Structures are given as structure tokens and as C-alpha cells.
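Here, each number is a calculation from the coordinates, and none is a lab measurement. Values in this document were obtained by computation on a predicted structure and should not be read as measured data. With ideal geometry, Cβ positions are generated from the backbone for all residues, glycine too; neighbour counts draw on all protein chains shown.
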Amino acid sequence: MLPFQLGLIDGPVHLVALGAHPDDIEIGCGGTLLKLAESVPELTAEFVIATGTPARLEEARRAAELFLPECEVSVTSAGLPDGRLPAYWNETKELLEATAAEGRTPDLVLAPGKHDAHQDHRLIAELAPTVWRNHLVLHYEIPKWDGDFGRPWLYVELTEEQLRDKVALLHKAYPSQVPHDWFDEEVFAGLARLRGMECRAPYAEAFTTAKATLTW
């Protein structure tokens, strides 16, 4: 595998992480968040979540604190209806535009994948690059019964400890999701092991991106 250096380590880094629902971000790239928190000395983050009840958003705030414990992090939500985001296109676009206008310029944007089978995820994925046109937008993947996985080409390697920490924090932050049959260690670890095998690492999270500039 050819390593690709993002150049995020030498100075302050601001991250914008987008999710259609509470828990999307941590499921899709929780290990990457943990790795960034460990390796970037000056990391700040904005979590922007389109849907969610007050109880679920409280879980999301708890998750942000757990995954980025030493970082300045905010959580914003529009509280739009779950499963109905395409019908709230304007409100969703306004949420992202307001984040871009009012927040700091991000060094990295994390968003769901453009080919995700869930309509809420897909809308966030499609809008993200239209708002952050000159920024690196990495699209994460979320396991689900639809079986919609594609062929990613960017990987973040994880150690076993980072993977186990991710799973433990997911269960700690989102007790409302634990009863679901898909919300368990085998699902999350199994996908991470598969992606790790693809990049010859113990575990990994995988991403796609529409555009990137290679510099040296």
C-alpha cells in the first residue's frame, strides 16, 4: 500500500464531521476520530447532525466528548425528521451552509458515502462537497442490512486497541442503540478487520473522496 500523508500533524487542525443521525459519525469513523485525537496536538471539531430527538442528540454530545476527550468540540443539529431528509432538502442545505459560514475553515470534512443506500445519509453526502468545495471531503461507510458497501480506496489503519476502544465507546455513548441486532462488536470489528486486510493492517476504516490534489 502507498501511504498518503494528509499533512495534518504539524499545526492546529479543525475538523467538521457530518452525520444524518446521531451515531453515524462514530460508527463510520470513530476509530479515525480516536487516532486524530491521539496524534494531532491542537484538534478542534464541529459535529453537525441533521436529525435526532433531544434524547438521541444528548447521546451524540456524550459521544463527542468520549471520542475527543481533550479537544474543543461542538455538536449542532437541525432536529429534522429521521428518514425524511430528502423532503427537507432546503433545511439540510441551510444547516450545512450555516456551519460553513459561521464556523472555522476546516482542514478536513467527514461525511457519509455518496452511494449509501439510506436516503438521509446519501443527501448529506451529496451536499457536503457543494458546501465545502475547496476542502478535502472524505466519505465514510456505515454497515447496514441493505448490503450497500462499495470499493473504497482510502484507508485509516487502526490498532486492535483503537478498534476495541471505538466499540466500547459506541456502546457507552449510545445505550438506546444497543438492543439493535446490528449494533454489536462483531459487526463493527468484522468490517474493520475486512478493511484492515485490504490495506494489510490489523484493522482499518475506509473512505472515498471525489476530488483530491496530490502535492509534495
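Could you tally the net charge around H139, taking each other residue with its Cβ under 12 Å from the Cβ of H139, Lys/Arg +1 and Asp/Glu -1? Provide the component values of the computation, followed by the final result.
Details: positive: K114, R122, K211; negative: D24, D116, E126, E141, E205.
Around H139, the surrounding residues sum to -2.
The dipole here belongs to the chain: it is taken about the Cα centre, uses +1 on the Cβ of Lys and Arg and -1 on the Cβ of Asp and Glu, and is about 500 debye.
Of all alpha-carbon pairs in region 120-216, indicate the percentage at a distance above 18 angstrom. Please list the in-between numbers first.
Details: 2602 of 4656 pairs.
I get 56 percent for the Cα pairs in region 120-216 exceeding 18 Å.
The order of L191, L158, L96, going from fewest to most other C-beta atoms within 10 Å of their C-beta, is L191, L96, L158.
Per residue of the chain, the DSSP helices (runs of n ≥ 4 H) give a summed -39500 (n - 2.57) that works out to -12500 deg cm²/dmol at 222 nm.
When F47, F207 are arranged by Cβ crowding within 10 Å, least crowded first, meaning fewest neighbours, the order is F207, F47. With a cut-off of 14 Å between beta carbons, the residues surrounding E59 carry a summed charge of -2, where Lys and Arg count +1 and Asp and Glu -1. Over the chain, the alpha carbon radius of gyration divided by the compact-protein estimate 2.2 N^0.38 Å works out to 0.94. When you filter the GluC sites (Glu not before Pro) in region 18-86 for DSSP loop state and at most 12 other Cβ atoms inside 10 Å of their Cβ, you are left with E42, E70.
Using DSSP, restrict attention to beta bridges with both residues in the chain and report what percent are antiparallel, rounded to the nearest 5. So the antiparallel bridges amount to about 25 percent of the total.
For E160 and E58, what is the calculated FRET efficiency with R₀ set at 22 Å and r taken between the beta-carbons, to the nearest 0.05?
Given R0 = 22 Å and the Cβ-Cβ separation, E is 0.15.
Among residues other than E198 with Cβ under 14 Å from its Cβ, the summed charge is +1 (Lys and Arg +1, Asp and Glu -1).
If a spin label sat at a point 7 angstrom from the Cα of W145 along the line to its beta carbon, the backbone N atoms of region 50-87 nearer than 17 Å would be those of 83.
Within the same chain, lysines fewer than 8 places from K144 are excluded, and of the rest, those with a Cα less than 19 Å from its Cα are K114, K166.
From least to most packed, judged by other beta carbons within 10 angstrom and beginning with the fewest, D181, D165 follow the order D181, D165.
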